[in-house]
1. If you take the C-alpha gyration tensor of the chain, multiply each eigenvalue by 5 and take the square root, what semi-axes do you get, largest first, in whole Å?
2. Determine the sum of side-chain charges near residue 121: Lys and Arg each +1, Asp and Glu each -1, restricted to other residues whose C-beta is under 10 angstrom from that of residue 121.
3. Which GluC sites (Glu not before Pro) from the stretch 128-171 combine a DSSP loop assignment with at most 12 other Cβ atoms within 10 Å?
4. Provide the percentage of antiparallel DSSP beta bridges, counting only those with both residues in the stretch 149-255; round to the nearest 5.
5. Determine the percent antiparallel among the DSSP beta bridges restricted to the stretch 1-133, to the nearest 5.
6. Please report, in whole Å³, the volume per residue of the convex hull around the C-alpha atoms of the stretch 34-185.
7. For the chain, which cysteines have no second Cys with its Cβ under 4.7 Å from theirs?
8. How long are the semi-axes of the ellipsoid equivalent to the stretch 133-290, from square roots of 5 times the Cα gyration tensor eigenvalues, in whole Å, largest first?
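Any read-out appearing in this document is the output of simple, stated calculations on the displayed coordinates, not a laboratory observation. If you're wondering where the values come from, they're calculated on a predicted model, not measured in any experiment. Virtual Cβ from ideal backbone geometry, glycine too; neighbours counted across all protein chains shown.
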Amino acid sequence: MTRPVFRFAPSPNGRLHLGHAFSALENERLARALGGRLLLRIEDIDTTRCRPEHEAAIRDDLAWLGIPFEAEVWRQSERFAVYEAEAERLRARGLLYPCACTRAEIAAAIAEREARTGVPHPRDPDGALLYPGTCRARASSEVLAEGRPIAWRLDMARALAEAPGPHAYLRFHETGATTRVPTDPARWGDAVIVRKEIPTSYHLSVVVDDAAQGVTHVVRGRDLEAATDLHVLLQRLLGLPSPLYHHHALLRDEAGEKLAKSAGAPPLADLRARGITPSDLRARLYPETT
Ligand code: GLU
């Protein structure tokens, strides 16, 4: 039997904090429980926010934590041509359409619609307003001819016509047992698959790379659980296998907020500088095993 393949996939747009360490350690714990291999993938598609010095710091923090990642590390910024080819496959089937709308134009179209209908506009699972479909209703040639920056959106209705439900993924447990989790990709609306400033998106590249690396078990935070609905749909549309998923609980600060760089969660490097050791950190995160 081939060994399960796990991956930890941080974005080098800042330093790692305790929440990232927990995610990496959960990958390690579950890979160990299931006899799996453990890969590190650097998700640096956002070349405006990701920096080599952050990647170096991440690798340093992970080495300090002592997690046994395999030596070969994939960097998504080196794979744009692969993502472009996959987007082209979707585009050729009429599943993506060009969208030139700015945020302000989208907000104005939604405000106008809400004023006209009196119905609050629906939001996606992350709380963002769903795209109102302005450019879907226009001829692609006309949108492209404007010469404005273009994003490519998934035509959700067409996608679901090609890949009708019911959709689901398998959640795996430490014992190896799985549970079927029904999904509803339509709640993401016409999601952006190729961003304006980058020839891919998180959703496209994560799905392409999990398949390309033979990842069988995805371990990540619950903040990405809803995105799995979209990932499973993209896997169906692209003919890619679906890994099993495990979305772990998110660490919270004293105020009950999810740990986040933006909310000032202390970087691991600061904990290191205060003399905290990897075993202190493991003991804090897994008190029941120590
Ligand atoms: N790169 C993503 C992040 O740092 C994680 C992607 C994933 O695990 O699917 O939030």
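1. Values: eigenvalues 245, 93, 75 Å².
Working from the Cα gyration tensor, I get semi-axes of 35, 22, 19 Å.
2. Once all neighbours under 10 Å are counted, the net charge is +1.
3. 146
4. 55 percent
5. 10 percent
6. Numbers: hull volume 30.3 nm³, N = 152.
Here the figure is 200 Å³ per residue.
7. 50, 101
8. So the three semi-axes of the stretch 133-290 are 36, 22, 14 Å.
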